[in-house]
Amino acid sequence: MQLPELPEPLASFQPEIGLILGSGLGFFADDRIEVAGRLPYSEIEGFPVSTVEGHAGQFVYGTVEEKRVICMQGRFHFYEGYSMAEVTKPIRLMHALGVRTLYITNAAGGIHPDFVSGDFMLLSDHINALGTNPLIGWQGKEGVPFPDMTEVYDRSLRRGLHAWAASQGVGLREGVYLATTGPSFETPAEVRAFAKLGADAVGMSTVPEAIVARKLAMRVLAISCITNAAAGISKTPLTHEEVTETAGRVRPQFADLLTAAIALA
Ligand code: HPA
């Protein structure tokens, strides 16, 4: 796959860590990154353009805790009509820039009965219920043809973040994330089925990016912000506004958690 040429100073910035900021979580780039530069996706040749409200659609790069990071303020979702190759193109681009550790964030619906809105969940594993795989038709020589998925989400990064959370008295859950295509939310019957399959949370992202990152042998850590109880567990209809409202409410806690995670890398 042909990757676009990037302009300076980004081309020689050499970020170590990539961050993907999910729905309502894009503020992290403005709040916590010592910004060296920004590059709107619209200025990158052949790049998709993010269409969802609450997603700015740009790379923001700079430093956090003295580590060089490049952050996606806005990601691409399969439900926007992009191909899997387009959804995961930024991961390949970040890898080409030098990123070897990827932090993925998302908003998710809580399935586990103990989860409440505003909780944070580290992904221990995932279930790909997208009906496709981003490595189908892979163009490129990187990685092995059949990448192992035994430990997608790096155990030592998870352990480190749990230790930080315990020392700070911050609640941090861990569980299995199931990815659906969306954009409709799930039915209550689907949520009951997903619970039986072993899912603790459900969302519409993350899994494509995580699979491609593992193909490229990157270390991956992923954090869900549980923005709502999943359909049927919640007694009220779900809305995108509820998702962004919860994400906004936990803004400082989320920023502290992600900053601590970056310090660990
Ligand atoms: N389902 C799917 N995706 C989501 C949800 C949900 O309940 N909340 C935030 N993203």
Practice problem: Take every Cα-Cα distance within region 1-121, group them into 10 Å bins from 0 onward, and report for each bin the whole-number percent of pairs it holds. | Solution: 13, 45, 32, 9, 1
Practice problem: Would you look at the GNM of the chain, springs on alpha carbons closer than 10 Å, and say which of 227, 246, 88 moves the most? | Solution: 246
Quiz prompt | Helix 84-97 axis, angle to the chain major axis (alpha carbon atoms, nearest 10°) | solution = 50
Quiz item: Residues of region 86-219: accessible area per residue at 1.4 Å, in Å²?
Solution: 43
Quiz prompt | Candidate lysines - alpha carbon under 21 Å from residue 89, same-chain residues fewer than 8 apart omitted | solution = 141, 215
Quiz item: Under a point spin-label approximation (7 Å from Cα along Cα-to-Cβ), what is the residue 141-residue 156 distance to one decimal in nm?
Solution: 2.9
Self-check item: C-alpha long axis of helix 155-168 to longest principal axis of the chain, angle in °
Solution: 60
Quiz item: Once you list every other residue whose beta carbon is under 13 Å from the beta carbon of residue 231, what net charge do they have if Lys and Arg are +1 and Asp and Glu are -1?
Solution: -1
Quiz prompt | 5 angstrom amide H check on residue 36, placed H, neighbours 5+ away | solution = 61, 62, 63
Exercise. Rounded to the nearest 10 degrees, what's the angle between the helix 188-197 long axis and the longest principal axis of the chain, both from Cα atoms, 0 to 90?
Key: 70
Quiz prompt | Over the chain: Kirkwood hydrodynamic radius from C-alpha pairwise inverse distances, Å | solution = 18.4
Self-check item: Cβ-Cβ FRET estimate between residue 30 and residue 263, R0 fixed at 25 Å, reported to 0.05
Solution: 0.85
Practice problem: Obtain the nm distance between the two label points defined at residue 66 and residue 166 by a simple spin-label model: each point lies 7 Å from its Cα along the Cα-to-C-beta direction. | Solution: 2.7
Practice problem: Whenever you get a sec, compute what percent of the accessible area on the chain sits on carbon and sulfur atoms (1.4 Å probe). | Solution: 50
Quiz item: With θ set to phi - 60° and the Karplus curve 6.51 cos²θ - 1.76 cosθ + 1.60, what are the ³J(HN,Hα) couplings of region 226-242 in order, to the nearest whole Hz, using x for Gly and Pro?
Solution: 6, 8, 6, 7, 5, 3, x, 7, 6, 8, 10, x, 8, 9, 4, 5, 4
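The values are calculated or read from the model by the stated rules, or taken from the named source; none is laboratory data. As the structure is a prediction and not an experimental result, all values here were calculated from the model. Heads up, the Cβs are rebuilt from the backbone with ideal geometry, glycines too, and the neighbour counts pull from every protein chain shown. We work out accessible area using only protein heavy atoms, side chains counted, and drop any ligands, DNA or RNA first. Shrake-Rupley method; radii C 1.70, N 1.55, O 1.52, S 1.80 Å.
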